[in-house]
Amino acid sequence: MNYPLTGYHHITACAGGAQDDVNFFTQVVGLRMAKQTVLMDGKIPIYHLYYSNAEIEPGSIMTSFPYSRLQGRKGSGQVSATAFTVAKGTLPFWKDHLKRNNIPQQPVAERFGQKFIRFSHPAALDFEVIEDNEDTRKPWSTPAIGTNEAVHGFHGSVLSVREIPETERFFIDALGFRKTGVDGNYHRFETGTGGANKTVTLLHEPDRPAGSWTFGAGTVHHIALWAADDDAMAQQKAIYEELGYTDASEIKDRFYFHSMYCRCPGGILVESCCNVPGGFEKDEERSKLGTKLHLPPWWAGRQEEMMKSLEPIRVPETATAH
């Protein structure tokens, strides 16, 4: 079977404070601000902030909902950590960089032969920088993080599950991944050529209570895999339905891309999405990306009202221009 999803597009987490989130991703992780917009569902104004590598490539786009109204409950059935690739030999730099920024970090560890450092967002979300010399995507650099040390994009996500078999079946039969290794409690699955941007790792935690599924600060809401176009999205929906995963959503218009959602048996929400013509440049020229808040057309005229409820943020110039 030819599967239509080819790797990651984005990963979306619920943060706490908006400015804390901006500072973390632009100054600590060193990503560019790609887009400032709002959550397109519901009636409550909530930021939806997009960060990425230099070229805003699918598989480098970290997005967040700064959502301080409710604290999420971390547990199984959630993304445990999101891993970004860095060049081999740069972990000493990252250890010092994280220490200078007072970011909680764990000692250097190894998974499937790759060394990584796990560290924490102010909302207690967990991230990793993992060594991978094969990733040649163009990183964004900052005054504190040079091109040689900067992150290239996602390596993948680590998903906490209480049982392996049904989630394994979902990723293999519904999404076209293949199982490529087991390392202790870690089970690795890859698609396409494997490696950076094409890896999902299941962490078997049979005794861990389930985490929350709603929006809540400190939890990852979903991972999103990339399809070429709407036809590919329709093909993926048909695969879900043929296999009996009948809770796949309709295809939704997210203005910058189209999306469909399906919750996997282990509990993690998996989005499929495809770009639309213009993408992030539909409402903002490339040189201005990420510099101001944009609303989708169906919320036009509400910016002044929304800004009364949104925390003011300041995006560093180094995150929007080179």
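A simple spin-label model places pseudo-atoms 7 Å from Cα toward Cβ; at ASN185 and ASN148 they are separated by 3.8 nm.
So, counting K/R as plus one and D/E as minus one, what does the shell of residues with Cβ under 15 Å around MET40 add up to? Cβ neighbours under 15 Å give a net charge of +1. Here the gap between LYS95 and MET306, fully extended at 0.36 nm per residue and compared with their Cα-Cα distance, gives a gain of 72.1 nm. Set Lys and Arg Cβ to +1 and Asp and Glu Cβ to -1, take the dipole of the chain about its Cα centre, and tell me which of TYR47, CYS264, GLN235 lies farthest positive. Result: TYR47.
Short-range pairs are left out: with C-alpha atoms under 8 Å and at least six residues apart, the relative contact order of segment 1-154 is 26 percent. Considering the values [x] 32; [y] 29; [z] 48, which represents percent of Cα pairs over 30 Å apart as calculated for the structure under consideration? Only one listed value fits the structure, namely [y].
With R₀ fixed at 25 Å, the C-beta to C-beta distance from HIS322 to GLN19 puts the FRET efficiency at about 0.65. Counting only other residues whose beta carbon sits under 10 Å from that of GLY89, what net charge do I get with K and R as +1, D and E as -1? Charge balance in the 10 Å sphere: 0.
Using a 1.4 angstrom probe on the protein heavy atoms only, line up VAL29, VAL182 by accessible area, largest first.
Sorted by accessible area, descending: VAL182, VAL29.
So, R0 is 30 Å and r is the distance between the beta-carbons of ASP173 and LYS288; what FRET efficiency does that work out to, to 0.05? Could the numbers behind the result be given before it?
On the way: r = 43 Å, r/R0 = 1.45.
In this case the efficiency is close to 0.10.
When a 1.4 Å probe is rolled over the protein heavy atoms, the share of accessible surface on segment 163-320 that falls to carbon and sulfur comes to 50 percent. Peptides 292-302, 191-201 ranked from most to least packed, by the mean per-residue count of other Cβ atoms within 10 Å: 191-201, 292-302.
Take the Cα pairs of segment 184-322, get the Kirkwood Rh, then feed it into Stokes-Einstein at 4 °C and 1.567 mPa s and tell me D in µm²/s.
Values: Rh = 18.4 Å.
D, rounded to a whole number, is 70 µm²/s.
Structural size metrics of segment 147-258, computed from C-alpha coordinates, are Rg and Dmax of 15.6, 46 Å.
Accessible area per residue of the chain at 1.4 Å probe, in Å²?
42 Å²
Taking GluC sites (Glu not before Pro) across segment 161-249, the ones in a DSSP loop with at most 16 further Cβ atoms lying within 10 angstrom of their Cβ are GLU163.
Rounded to the nearest 0.05, what FRET efficiency do PHE112 and LEU243 give with R0 = 25 Å and r taken as the Cβ-Cβ distance? Could you check?
Working: r = 28 Å, r/R0 = 1.12.
With R0 = 25 Å, the Cβ-Cβ based efficiency is 0.35.
Charge tally around CYS273: other residues with Cβ under 10 Å, Lys/Arg +1 each, Asp/Glu -1 each, net +1.
The values are calculated or read from the model by the stated rules, or taken from the named source; none is laboratory data. Source: prediction; values computed, not measured. All Cβ positions, glycine included, derive from the backbone under ideal geometry; neighbour counts span all protein chains shown. Please note that ligands, DNA and RNA were not included when accessible areas were found on the heavy atoms of the full protein model with its side chains. Shrake-Rupley method; radii C 1.70, N 1.55, O 1.52, S 1.80 Å.
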